[in-house]
Each structure stands twice: as structure tokens, then as C-alpha cells.
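Peer 1: Quick one: the structure is below, and I'll ask about it shortly.
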Amino acid sequence: MRQLVVTVEPHEAELAGDALWGLGVVAIEEREGVGGAVELWTSLGDDAPETAFQLPWPWRFVEVDEAVAETWRQFAEPIWVQPDLVVRPAWVPFDAPAGVTVLHIEPGATFGMGDHPTTILSLRAVRRLVAPGCSVLDVGCGSGVLAVGACVFGAASAVGVDIAPAAVPTTTANAMANGVAPRIDVSTTDLADVAGTFDIVVANILAPTLVALADDLRRTVAPGGALVISGILAAAHEHVLAALAPMRVVETDEFDGWVAVTLR
Ligand SMILES: C[S@@+](CC[C@H](N)C(=O)[O-])C[C@H]1O[C@@H](n2cnc3c(N)ncnc32)[C@H](O)[C@@H]1O
């Protein structure tokens, strides 16, 4: 399999890492590069579109042994999203205590294991908003963890879209593993081509993409519905909110420097 390697100056490593999470990588390893530079090695899927890599840093692909690239799986653990909500990596044994809801997720080559702060924040917000029978749109669904979660929480249906082709089989498999497959429709449809409106629209994508998608995010929220955005930093997201006006912020949840903002 191939890995994406991005070379940056040490002070840019965090910013570059955030950009890579937003592209849909599932893990990032920092290695020492030449001349004090930092190399960020990521497990981006083989079918990730090259058009996604509009990075302001030098990057290259490296072919690596699949077994080496997958070592992170040995260290995966169930993620406690809330005291009664766990995302379980599908290959990790877990005896759920009574009353705990478990989402079984196999990310494959997509983003969305459930351990990133923005996924955790988005899941919490979606869970708070889901009313029985509601409809959900998950923009940038990755592994489908948010769409699957929404249906497990009681949504009648969820549509997931992503530019990464791997998101389609992965979300489908995760929907099946969690018993909600009939309620989930996933595709690589452009958000601009998604028709209709939804009670909840959730988009956990980096700020520049949220700004670019702002008109369609607003358009797809049903009257009285809610938009949840994440993938944005607590310290720098005002410009995203400005792009989404006249929608107004009704809730901001913060974790580890990231936020999820709910707007209506
Ligand atoms: C941070 S991941 C979120 C994955 C998952 N929803 C979660 O919360 O863990 C962002 C996802 O957005 C996708 N993406 C990026 N730009 C997009 C666009 N313009 N339209 C749809 N999906 C996009 C990426 O491929 C990636 O899967």
C-alpha cells in the first residue's frame, strides 16, 4: 500500500497534521526528516483522489508493506465518547456494561475511527439533536461513524457523502455491522448535487472546505433543523461562522482545542 509523506518545518507540524486529518487520514506518524525537517507519514487509502492533496508543503507517496502500515491497529482501544457511549474498533474485544451504547466501527482506509476530538464532539452533538424519526445528512462521512451513530440513536435515515471513494464500502459495512444498513444511503455525490433538506446536517471537515461548502450546507438544513460543524479549531473558526450567516450559533462544544458548533 502507499503512504502519503508530507515534509514540514517543525513549527508547522501541528498545522500540517490538522490539514491531513481533514483530508481523511486514519493515522499520522511523525518521523525525523532530513536537516531537522519533520515528516508526517499517513495511512491514506490507495483510492484517495490526488486532487485532495492541495497542500502547501512538499509531499510524496511511498510504497510500504501493508503489515507495517497497519501496526496502529494493535494499539487501538474502545473510545469512551460519553459515560454511556463507546466507539469500539471492530477488531477489539469489548464487553459493554449494561446501559452502554456501542458503535462497532472498522475504518478501513477512511477517517473516522472515533478517536479524534472532532469525531467525539460531532457524535455528542448529533446524539443530543437526534429525535426519533429525524433525517440526517453526514457531509464527509469517512467511516460513516456519525451517520451510523445517528441511526443507532434513533434517526429514521441518514445520507452520507464523501469525496473519498473508500467511504462508500466502509460506511456500508459499518452500517451493516451496527444493524442500520437499510436506513443509510452513502455515495460520492457532490454536496451541490444532494437534493432536499434534512433535520440534522453534520460536517466534520476542515475550515477551508466548510467555507467552500457553506451555501450548500445552509441549503440542505430543513426549516427548524440544525447544522453541526466540526473539524475547526476553538481559536480560529469565526470566519467559518461568518460564511454560514445568517445561521446562528446555538451551542459550542470544545475538546482538546477543537470545537463542534451547532447552528440554526
Ligand atoms: C475529518 S474526516 C471526518 C470523517 C467522519 N465524518 C468523522 O467525523 O470522523 C473529513 C472527511 O471529509 C471528506 N471530505 C473532504 N472534503 C470533502 C468535500 N468537499 N465533500 C465531501 N467530503 C469531503 C474527507 O474525505 C474525509 O473523509
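The values are calculated or read from the model by the stated rules, or taken from the named source; none is laboratory data. Everything quoted here is computed from the prediction, not taken from an experiment. A quick note on method: Cβ atoms are made from the backbone with ideal geometry, for glycine too, and the neighbour counts reach across all protein chains shown. When the accessible area is computed, the model is the full protein with side chains, heavy atoms only, and any ligands, DNA or RNA have been set aside. Shrake-Rupley method; radii C 1.70, N 1.55, O 1.52, S 1.80 Å.
Peer 1: Just to make sure I understand: if all protein chains stay in place, what is the order of 11, 104 by accessible area at 1.4 Å, largest first? Before the final figure, lay out the partial values.
Peer 2: Details: 11 155, 104 55 Å².
Reading off the accessible areas and sorting them downward yields 11, 104.
Peer 1: Next up: Would you mind computing, in nm to one decimal, how far apart the modelled labels at residue 233 and residue 9 are, each placed 7 Å from Cα along Cα→Cβ?
Peer 2: Once both label points are built, they end up 1.5 nm from each other.
Peer 1: Charges at C-beta only: +1 for Lys and Arg, -1 for Asp and Glu. How large is the resulting dipole of the chain about its Cα centre, in Debye rounded to 20? Each step should come with its number before you reach the end.
Peer 2: Values: 13 positive and 33 negative charges, 207 e Å.
Its charge dipole is roughly 1000 debye.
Peer 1: Provide, as a two-decimal number, the C-alpha radius of gyration of the chain over 2.2 N^0.38 Å, N being how many residues it has.
Peer 2: Numbers: Rg = 17.7 Å, N = 264, 2.2 N^0.38 = 18.3 Å.
Relative to the rule-of-thumb radius for its length, the chain sits at 0.97.
Peer 1: What residues from segment 165-195 fall in the zone where the backbone N is under 19 Å from a label point 7 Å along the Cα-to-C-beta line of residue 72?
Peer 2: Counting backbone N atoms under 19 Å from the label point, the list is 165-171, 174.
Peer 1: So what's segment 149-247 giving for Rg/Rh, alpha carbon basis, Kirkwood Rh from the mean inverse pair distance? All intermediate terms of the calculation are to be shown ahead of the outcome.
Peer 2: Numbers: Rg = 14.0 Å, Rh = 14.4 Å.
For segment 149-247, the value is 0.97.
Peer 1: Further question on the same structure: Which residue, chosen from 184, 255, 166, occupies the Cα position most advanced towards the positive end of the dipole of segment 76-263, where the dipole is computed from +1 (Lys, Arg) and -1 (Asp, Glu) charges on Cβ about the Cα centre?
Peer 2: 184
Peer 1: Could you check the simple spin-label distance between residue 31 and residue 256, using points 7 Å along Cα→Cβ, in nm with one decimal?
Peer 2: Modelled inter-label distance: 2.3 nm.
Peer 1: Most mobile of 107, 169, 223 per a Gaussian network model of the chain (Cα springs, under 10 Å)?
Peer 2: Result: 223 has the largest fluctuation of those listed.
Peer 1: So, one more: If you average the alpha carbon positions of segment 127-184 and of segment 206-264, how far apart do those two centres end up, in angstrom?
Peer 2: 19
Peer 1: So, one more: ³J(HN,Hα) across segment 201-211 via Karplus (A = 6.51, B = -1.76, C = 1.60, θ = phi - 60°), whole Hz, x for Gly/Pro?
Peer 2: Karplus-based 3J(HN,Hα) across segment 201-211 equals 10, 10, 9, 9, 9, 4, 3, x, 6, 4, 5 Hz.
Peer 1: Quick one: ranking 73, 264 by accessible area, 1.4 Å probe, largest first, what do you get?
Peer 2: Numbers: 73 50, 264 120 Å².
The ranking, largest first, comes out as 264, 73.
Peer 1: Okay, moving on. For the chain, what does the helix formula give at 222 nm: sum of -39500 (n - 2.57) over DSSP H segments with n ≥ 4, over the residue count, nearest 500 deg cm²/dmol?
Peer 2: Numbers: 7 runs with 68 residues, N = 264.
Computed ellipticity for the chain at 222 nm equals -7500 deg cm²/dmol.
Peer 1: If you count the DSSP beta bridges with both ends in the chain, what percent of them are antiparallel, to the nearest 5? Show your work: numbers first, answer last.
Peer 2: Details: 30 of 54 bridges.
Counting only bridges with both partners in the chain, antiparallel ones make up about 55 percent.
Peer 1: Moving on. Largest first, how would 72, 91, 41, 80 line up by accessible area (1.4 Å probe)? Present the calculation step by step, with values, prior to reporting the outcome.
Peer 2: Values: 72 50, 91 85, 41 30, 80 125 Å².
Sorted descending by solvent-accessible area, the residues read 80, 91, 72, 41.
Peer 1: If I model a spin label at residue 176 and residue 106 as a point 7 Å from the Cα along the Cα→Cβ vector, what separation in nanometres do I get?
Peer 2: Here the answer is 0.8 nm between the modelled labels.
Peer 1: Roughly speaking, what is the stretch gain from residue 192 to residue 91, that is 0.36 nm per residue apart minus the C-alpha to C-alpha distance, in nm to one decimal?
Peer 2: Working: separation 101, 0.36 × 101 = 36.36 nm, distance 3.58 nm.
So the chain would gain 32.8 nm between residue 192 and residue 91.
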